[in-house]
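Peer 1: Below is the structure I would like to discuss, written out as structure tokens.
The values are calculated or read from the model by the stated rules, or taken from the named source; none is laboratory data. Bear in mind that the values here come from a model prediction, so they are computed numbers and not experimental data. Cβ sites come from the backbone with ideal geometry, for glycine too, and all protein chains shown count toward neighbours. In case anyone asks, the SASA skips ligands and DNA or RNA and just uses the protein heavy atoms, side chains included. Shrake-Rupley method; radii C 1.70, N 1.55, O 1.52, S 1.80 Å.
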Amino acid sequence: MFRRIRSYCLFGIKAVPVCVEVDASQGLPGFTLVGLPDNAVRESRERVVSAIRSIGKVVTGFRTTVNLSPADLRKEGSALDLPLAIGLLVATEEIEVPELERLVFVGELSLDGLLKPVRGVLSIAMDLVKDTNNVLVIPRANEREAAMVDGVRYVCADTLKECVDLLESGATSKSVRSSGLKSLKESKEFFDVPDFKNVVGMEGVKRALEVAAAGAHNFLLVGSPGAGKTLCAKCLPGILPAMTDAEILETTRIHSCARLLGAADDFKPVLHRPIRMPHHSASMVSLVGGGGRLRPGEASLAHNGLLFLDELPEFNRAVLEALREPMEEGSITVSRISGSVVWPARFMMGAAMNPCPCGYSMDPRRSCTCLPDARKRYQERISGPLLDRIDIQVSVPPVEVEQFAGTSTAESSAEIRKRVYAAREIQQARFTGTTFKSNAEMTSEFAKESCKMTKATERFAISAADKMNLSARGYYRLLKVARTIADLRHGESVEILDLSEALRYRSFRS
């Protein structure tokens with residue numbers, strides 16, 4: 001008997017519908033699996049047959065052919081175990097499932113019939129919610145992940161036997177309709193980040209990071225060792241605006257495909273903006289994605305959040321250059337012989353570095369031991385095109401020891417965050433009807449239109465850009481930063497004062 005079971009496979013972040021076509025007929029017993037399966041899928045027969053035997057059913061003794069359609073798409077992972085098991089049981093008439101065409105199955109099986117979680121259930125649920133007639137059948141360990149999508153209907157089971165019992169009794173009538181992110185957002189986990197009130201001095205650096213957070217601008221902190229560059233960067237998440245529901249789903253979807261959401265009893269959706277801090281020894285594949293299975297890299301895992309690169313010149317130059325395109329486009333296209341995948345990568349890039357190999361060329365209290373050529377070569381490890389894409393470049397001066405005495409009167413992160421939120425609300429109103437979320441994402445044309453400068457202010461901007469030898473990209477990025485500064489003071493137009501502050505952030509003093 002021939003039966004068709006609906007399922008899904010992952011291709012990058014995208015969930016692709018797959019049909020498991022099972023034909024069990026009389027003849028010389030055998031099992032043939034076709035449809036471009038990988039090793040994990042090819043080995044599924046042994047897991048599935050053993051799991052079916054554990055519930056007292058027999059599907060051997062038939063001439064069985066299984067086709068995974070579409071046949072030209074490579075099938076990876078263990079998510080096809082459950083649909084294959086159901087297909088064999090139905091095709092051999094061991095069970096009868098009403099309304100089989102409405103059900104979509106994903107799940108991995110153990111030899112004793114336990115259902116194990118699989119990656120990418122969130123992507124599958126987001127695709128299925130387009131048609132409310134569908135019912136997703138998943139392992140119970142994936143329930144909280146599927147429940148994030150508002151309106152999707154699903155059924156959960158711990159074992160193959162429990163799943164079969166549900167199907168024979170009418171799974172569609174026992175399906176649950178998800179209420180979306182509401183319950184998850186009510187139980188947010190504690191978000192522990194350093195507070196700016198504990199950072200002594202460095203008011204100029206705090207102001208620069210406030211501007212960066214308000215407009216989602218890339219930033220670079222340059223200073224001597226121990227000046228507080230990394231500490232300030234770690235405080236930044238405390239002033240970033242909360243993610244919207246759409247951003248939560250986007251980001252969690254990527255982390256689900258990368259298997260970073262934890263087990264069933266420790267499921268952790270990404271409710272806060274992700275902060276990724278890869279070590280400077282990171283390879284290109286680990287940063288931008290790829291590998292044999294085309295997994296996401298750190299840049300994609302930082303989507304809607306912050307990618308912070310400490311000790312920037314110590315990174316491999318080719319690895320840093322690979323970030324140039326995603327910094328502009330907001331996505332990464334990874335092309336390998338096995339296929340091509342587009343990963344979202346709309347991140348805010350932050351970086352920190354010393355000004356020279358010894359680190360003390362900007363420290364007034366200690367003398368630099370580096371030769372001028374060594375200092376120049378060290379700074380040239382960061383290419384001009386990459387620096388051109390960094391909107392805010394700030395020198396971090398060392399803090400005087402005397403400032404540590406007494407009680408700190410610095411602003412807290414909560415106070416700064418209020419101003420950042422207000423600036424983002426202004427931007428949201430400005431970007432109504434567009435795909436932009438922050439000033440940093442504006443196109444050149446939109447940036448020029450939104451700045452609303454007087455003739456005198458525009459002449460000042462052009463003259464300053466000419467004296468500083470800014471490129472066309474650098475000029476428009478200058479306008480975007482100035483627009484953010486104007487938003488922080490609730491200004492309708494960009495003034496010379498805003499441009500002057502933005503110009504101070506375009507280069508650092510070495």
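Peer 1: Which residues, taken from the range 426-465, are in contact (Cβ under 8 Å) with a residue 24 or more places away in the chain, open to solvent by 70 Å² or more (accessible area, probe 1.4 Å) and among the polar types (S, T, N, Q)?
Peer 2: Selection gives Thr454 alone.
Peer 1: Can you tell me which residue is farthest from Glu162 (Cα to Cα) among those in the range 89-114 that are part of a helix (DSSP H, G or I) and out of contact with any strand residue (DSSP E or B) (no Cβ under 6 Å at 6 or more places or on another chain)?
Peer 2: Going through the qualifying residues, I end up with Glu101.
Peer 1: If we scan the range 319-337, do we find a residue that is outside any strand (DSSP E or B), over 21 Å from Gly474 (Cα atoms) and in contact (Cβ under 8 Å) with a residue 40 or more places away in the chain?
Peer 2: Initial filter on the range 319-337 (outside any strand (DSSP E or B)): 319-330, 337.
Still in the running and over 21 Å from Gly474 (Cα atoms): 319, 337.
Subset that is in contact (Cβ under 8 Å) with a residue 40 or more places away in the chain: none.
No, because not a single residue in the range 319-337 is outside any strand (DSSP E or B), over 21 Å from Gly474 (Cα atoms) and in contact (Cβ under 8 Å) with a residue 40 or more places away in the chain.
Peer 1: Can you name the condition, by its number, that Ala40 falls short on among (1) hydrophobic (A, V, I, L, M, F, W, C); (2) assigned to a strand (DSSP E or B); (3) more than 24 Å from Leu100 (Cβ to Cβ)?
Peer 2: That leaves (2) as the condition not met.
Peer 1: So, one more: When only residues in the range 1-59 that are within 40 Å of the chain's Cα centre (by Cα) and among the aromatic types (Phe, Trp, Tyr) count, which is most open to solvent (accessible area, probe 1.4 Å)?
Peer 2: Phe11
Peer 1: Out of curiosity, is Val129 without any contact (Cβ under 8 Å) to a residue 24 or more places away in the chain, closer than 30 Å to Glu247 by Cβ and touching a Gly at 6+ places or on another chain (Cβ under 9 Å)?
Peer 2: The answer is yes for Val129.
Peer 1: To continue, here is another question. Given Arg346, Arg366, which one is in a loop (DSSP other than H, G, I, E, B) and in contact with a Gly (Cβ under 8 Å, 6 or more places away or on another chain)?
Peer 2: The conditions single out Arg346.
Peer 1: Oh, and also: Only one of Val270, Val211 is open to solvent by less than 50 Å² (accessible area, probe 1.4 Å), assigned to a loop (DSSP other than H, G, I, E, B), in contact with a Ser or Thr (Cβ under 7 Å, 6 or more places away or on another chain) and β-branched (Val, Ile, Thr); which? Before you say what the answer is, go through the steps one by one.
Peer 2: Values: Val211 fails: assigned to a loop (DSSP other than H, G, I, E, B).
Only one candidate passes the filter, namely Val270.
Peer 1: Is it the case that the range 111-119 has a residue that's touching a residue at least 40 places away in the same chain (Cβ under 8 Å), open to solvent by 10 Å² or more (accessible area, probe 1.4 Å) and over 19 Å from Ser78 (Cβ atoms)?
Peer 2: no
Peer 1: Something else about it: What are the residues in the range 144-160 that are out of contact with any Pro (no Cβ under 9 Å at 6 or more places or on another chain) and crowded, with 18+ Cβ neighbours inside 10 Å, if any?
Peer 2: Correct list: Ala146, Ala147, Val149, Val152, Arg153, Tyr154, Val155, Thr159, Leu160.
Peer 1: Which number in (1) buried (at least 22 other Cβ atoms within 10 Å of the Cβ); (2) closer than 25 Å to Val16 by Cβ marks the one condition that Leu309 misses?
Peer 2: (2)
Peer 1: Here is a list: Ser367, Ser300, Ser361. Which entry is among the hydroxyl-bearing types (Ser, Thr, Tyr) and open to solvent by 40 Å² or more (accessible area, probe 1.4 Å)?
Peer 2: After ruling out the rest, the residue left standing is Ser367.
Peer 1: Using beta carbons and a limit of 6 Å, which pairs, at least six apart or on different chains, have the first residue in the range 1-14 and of a type in the set (Lys, Arg) and the second one open to solvent by less than 80 Å² (accessible area, probe 1.4 Å) and part of a strand (DSSP E or B)?
Peer 2: Arg3/Val22; Arg4/Cys19; Arg4/Glu21; Arg6/Val104
Peer 1: Then there is this: On the basis of being under 21 Å from Arg207 (Cα atoms), open to solvent by 10 Å² or more (accessible area, probe 1.4 Å) and not in a helix (DSSP H, G or I), does Pro241 make the cut?
Peer 2: yes
Peer 1: Name the residues in the range 381-420 that are modelled with pLDDT under 90 and in a loop (DSSP other than H, G, I, E, B), would you?
Peer 2: Pro397, Pro398, Val399, Glu400, Ala405, Gly406, Thr407, Ser408, Thr409, Ala410, Glu411 - these are the residues of the range 381-420 that are modelled with pLDDT under 90 and in a loop (DSSP other than H, G, I, E, B).
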